[in-house]
Number of protein chains: 2
Amino acid sequence: MARVTSKKVGDLFVLLKSIKNHGFATLRSVSSFKFSDLEVKHQDLSKLQQKPDASKLVFGKYFTDHMMEVNWDSTTGWGKPVISPLHNLQIHPGAKVLHYAVELFEGMKAFRGVDGNIRLFRPDCNMERMIRTAERSSLPTFHGNELIECIKRLVTMDKEWVPHSEASSLYIRPTFIGTEPALGVVSPSSALLFVVLCPVGPYFASGQKPVSLLADPSYVRAWPGGCGAMKMGSNYAPTIRIQKVAEQSGHQQVLWLYGDDHQLTEAGTMNIFVFLKNKNGEKELVTPPLNGLILPGVTRRSLLELAREWNEFKVSERDITMAEVKEALDEDRLLEIFGAGTACVVCPVSSISYEGKRLSIPTMEHASPLNTRFLKTINDIQYGRVDHPWAVRID
Amino acid sequence: MARVTSKKVGDLFVLLKSIKNHGFATLRSVSSFKFSDLEVKHQDLSKLQQKPDASKLVFGKYFTDHMMEVNWDSTTGWGKPVISPLHNLQIHPGAKVLHYAVELFEGMKAFRGVDGNIRLFRPDCNMERMIRTAERSSLPTFHGNELIECIKRLVTMDKEWVPHSEASSLYIRPTFIGTEPALGVVSPSSALLFVVLCPVGPYFASGQKPVSLLADPSYVRAWPGGCGAMKMGSNYAPTIRIQKVAEQSGHQQVLWLYGDDHQLTEAGTMNIFVFLKNKNGEKELVTPPLNGLILPGVTRRSLLELAREWNEFKVSERDITMAEVKEALDEDRLLEIFGAGTACVVCPVSSISYEGKRLSIPTMEHASPLNTRFLKTINDIQYGRVDHPWAVRID
């Protein structure tokens, strides 16, 4: 009798899911590159860069000495992963990534713990999302564990870049692009997955201070039938100009609304949470549901799991509109609004500009706010002050 | 008294428009690179590539010997345009184009006329749209005429690549990407505009034969408040998987619907036209209006202008739903459906699969169809069989 391996079961599952989704079988490789094939080329000692001062870090400006790459080709499949000195990519001017935005990415972090050990935060969640996004992007899939192991090695090699500071961390950016040099809007026959690392401070130039949001319903980030739930590059380009409008009028980010009833969806690069007393007098933490318009953030998921574990207030994934926020504010029932994301972790909101008015949000105006409790809990896990399965040591 | 130059007037106009749109002044450079600064580096004669057989051309697979590039930087502005041998671009792995799809493009063509002269088709329309897209993308603008002159020179240098065939042409792909090597979703401080050329045959592997479309309302290309009217790379990545689903079920393209009433919007890489007898018994040519969901195609605009000039039937830019198409088909009032775009010019539709049924469209089933008249009229202009201001000679 043939032995059924877990890989075979996995293949079958993907095939069945594909049949269910499309009504016909698609042939798709679920093979993967392998960590065990990893080749490592060290940067010359004489060429190692000077590390920036941890207190002066800005988001995404500095890159470490090494990067990881692995090529894929529709004929030969995945190549060997390679870690080598950071370098420019050689990209054909006809490559699909430059024309049709065939690209996706992840954002995750490594932290230097109080015990000196370096930890990743829930990397399995990022891999899950990256593979889902690859499928939606017609890019090949791979085994998440293989990439996690490659990333651990890369971080280990550049571990001196993980800031010795609990206000900072090493941002990890896995990226996946279509490289086939051919015009025509079809899935690419070649692709490159790469990982770069950036030591980072706070995402906003304003630091961990509360942020103001611009909520203008005339700009829409995502829509039903689109890709708003995927971490594709194509979700970001359309937001840049609106983000600039927000900044020029004194806001840090855009609060994206949807629908005639102005539902809250997300805030720029963060998921959004509203903590309020509802009409029944219960304390309730609300975040919009994963309805296809929302990026399923790892921090979002972590806050929901923590809150449900604490079991001290109602936790809801449900639609919430600007009308409900305004009403709660008018009736002194609005407690806090905050964003959640890998870059900012938890970020309090102090005001929302909406329909010509600046609504002042009392997020920081009462003792022991929920958002700072979340931040401390997550930070304690990330920096190893408590032992928790979400923190994954790299060695 | 200071002399007011037309450039100063142009600057003022952009500033005023910006104030009108955002309620505050934005400082934006409207300077441009200049054709007169163009530097030319010829490929070595020994390295010129062999040209593919014109009868075997497929869309976008072959690139000519030269390309044009011009860099922009927020500090120093536009650099000098350079034409040099086709080469890979050196792109930093942190460049914004690879992460946030900061990229846009145009599609235009050069034709070898029956008189041996090479002509572009309405390049001013492409420049208009490219500059509008650059503004929406937070990329710098430039003067369209300067780019047209650079393109003319590039095409002249590679003129042997313009196929000696009236079934083929030289596809011109101006592309504009954000190159700043910094993560963070903000407008780039550096960018690269480049142009590559591809000799092309028909866009569809099936040639100029009628195509079948898949119309599934569960997939949505564009939405109010989004960027569907812009030629940004981000509009294309989300369509690739759906295009693959269409192909795997025997269709050439997707017909994108919008709204609960299933309005027709566009078909893959084409605008869509419906020619029917309306309920009043009039012949009417219908194409969806430029409501923000539709790419304003140069071919679309040209067909509308021709039809209005002919003045032989009603010409409407208005919403049209699948229900109206079905009703007209049932009542034998549907005459033709065809796509229009630079890649395909005019492309007849023979069937639409919708709600589990394959609707047979009689586009090719009557004498002298409108779509072939449009194709011949446009082709006559493009290949110089008639003299027309839309055809711009490159010398």
Kindly provide the set of residues from region A:196-230 that are more than 10 Å from every other protein chain (Cβ to nearest Cβ), modelled with pLDDT of 95 or more and open to solvent by 20 Å² or more (accessible area, probe 1.4 Å), ordered by number.
A:Leu214, A:Ala229
Out of B:Glu69, B:Glu146, report the one residue that is in a helix (DSSP H, G or I) and either in contact with a helix residue (DSSP H, G or I) (Cβ under 7 Å, 6 or more places away or on another chain) or within 10 Å of chain A (Cβ to nearest Cβ) (or both).
B:Glu146
Cross-chain or 6+ apart pairs with Cβ under 6 Å, region A:66-78 first and free of Cβ contacts under 8 Å to residues at least 24 places away in the same chain, then in a strand (DSSP E or B)
none
Restrict the check to region A:350-358 and report whether at least one residue is farther than 25 Å from A:Asp261 by Cα and of a type in the set (Ser, Thr, Tyr).
no
Number of the exception - B:Leu276 against (1) under 28 Å from B:Pro123 (Cα atoms); (2) in contact with a helix residue (DSSP H, G or I) (Cβ under 9 Å, 6 or more places away or on another chain); (3) of a type in the set (A, V, I, L, M, F, W, C):
(1)
Identify, by number, the condition in (1) of a type in the set (S, T, N, Q); (2) within 12 Å of chain B (Cβ to nearest Cβ); (3) over 22 Å from A:Thr179 (Cβ atoms); (4) open to solvent by 20 Å² or more (accessible area, probe 1.4 Å) that A:Thr64 doesn't meet.
(4)
Only one of these conditions is not met by A:Val155: (1) part of a loop (DSSP other than H, G, I, E, B); (2) away from chain B (no Cβ under 14 Å); (3) of a type outside the set (Phe, Trp, Tyr). Which number is it?
(1)
Counting only residues that are within 11 Å of chain A (Cβ to nearest Cβ) and open to solvent by less than 10 Å² (accessible area, probe 1.4 Å), how many does region B:257-284 have?
1
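Residue-by-condition table, conditions (1) touching a residue at least 60 places away in the same chain (Cβ under 8 Å); (2) under 28 Å from A:Arg122 (Cα atoms); (3) within 19 Å of the chain's Cα centre (by Cα); (4) assigned by TED's automatic domain parsing to the domain that holds A:Pro123:
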site: A:Thr156; (1), (2), (3), (4): yes, yes, no, yes
site: A:Ala182; (1), (2), (3), (4): yes, no, no, yes
site: A:Val186; (1), (2), (3), (4): no, no, no, yes
site: A:Val195; (1), (2), (3), (4): yes, yes, yes, yes
site: A:Pro224; (1), (2), (3), (4): yes, no, no, no
With respect to the numbered conditions (1) facing chain B (nearest Cβ under 10 Å); (2) closer than 19 Å to A:Ser74 by Cβ; (3) assigned to a strand (DSSP E or B); (4) open to solvent by less than 10 Å² (accessible area, probe 1.4 Å), which one is the sole condition not fulfilled by A:Leu183?
(3)
If you take the residues of region B:30-66 that are among the charged types (D, E, K, R) and not in a loop (DSSP other than H, G, I, E, B), which of them is farthest from the chain's Cα centre (by Cα)?
B:Lys47
In region A:147-180, anything charged (D, E, K, R) and either farther than 20 Å from B:Thr239 by Cα or open to solvent by less than 10 Å² (accessible area, probe 1.4 Å) (or both) is listed as A:Glu149, A:Lys152, A:Arg153, A:Asp158, A:Lys159, A:Glu160, A:Glu166, A:Arg173
Say we look at region B:362-388 and pick out the residues that are of a type in the set (D, E, K, R) and either in a helix (DSSP H, G or I) or in contact with a Gly (Cβ under 6 Å, 6 or more places away or on another chain) (or both); which of these is least open to solvent (accessible area, probe 1.4 Å)?
B:Asp380
Hits in region B:214-272 - residues which are farther than 30 Å from B:Gly178 by Cβ and aliphatic (A, V, I, L, M):
B:Leu214, B:Ala215, B:Val245, B:Ala246, B:Leu255, B:Leu257, B:Leu264, B:Ile272
Selection within region B:231-256 - more than 8 Å from chain A (Cβ to nearest Cβ), over 14 Å from B:Gly297 (Cα atoms) and open to solvent by less than 40 Å² (accessible area, probe 1.4 Å)
B:Ile242, B:Ala246, B:His251, B:Gln253, B:Val254, B:Leu255, B:Trp256
Given the structure, is A:Ser18 of a type outside the set (Asp, Glu) and modelled with pLDDT of 95 or more?
no
Which one is most open to solvent (accessible area, probe 1.4 Å) among residues in region B:328-355 that are part of a loop (DSSP other than H, G, I, E, B) and modelled with pLDDT of 95 or more?
B:Asp332
Determine which single condition B:Leu290 fails, assuming it passes every other condition in (1) touching a Pro at 6+ places or on another chain (Cβ under 9 Å); (2) in contact (Cβ under 8 Å) with a residue 60 or more places away in the chain; (3) open to solvent by 40 Å² or more (accessible area, probe 1.4 Å); (4) more than 26 Å from B:Ser138 (Cα to Cα).
(4)
Single residue of region A:84-126 satisfying the filter (of a type in the set (D, E, K, R) and in contact with a Gly (Cβ under 6 Å, 6 or more places away or on another chain)) that is nearest to the other protein chains (Cβ to nearest Cβ)
A:Glu103
Checking the conditions here, which among A:Leu98, A:Leu57, A:Leu89 is buried (at least 16 other Cβ atoms within 10 Å of the Cβ), within 24 Å of B:Thr179 (Cα to Cα) and without any contact (Cβ under 8 Å) to a residue 12 or more places away in the chain?
A:Leu98
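The values are calculated or read from the model by the stated rules, or taken from the named source; none is laboratory data. On a predicted model such as this, the values are computed, not experimentally measured, just so you know. Methodologically, a virtual Cβ is constructed for each residue, glycine included, from the backbone with ideal geometry; neighbour enumeration extends over all protein chains shown. Just so you know, the surface numbers come from the protein's heavy atoms only, side chains and all, with ligands and any DNA or RNA stripped out. Shrake-Rupley method; radii C 1.70, N 1.55, O 1.52, S 1.80 Å.
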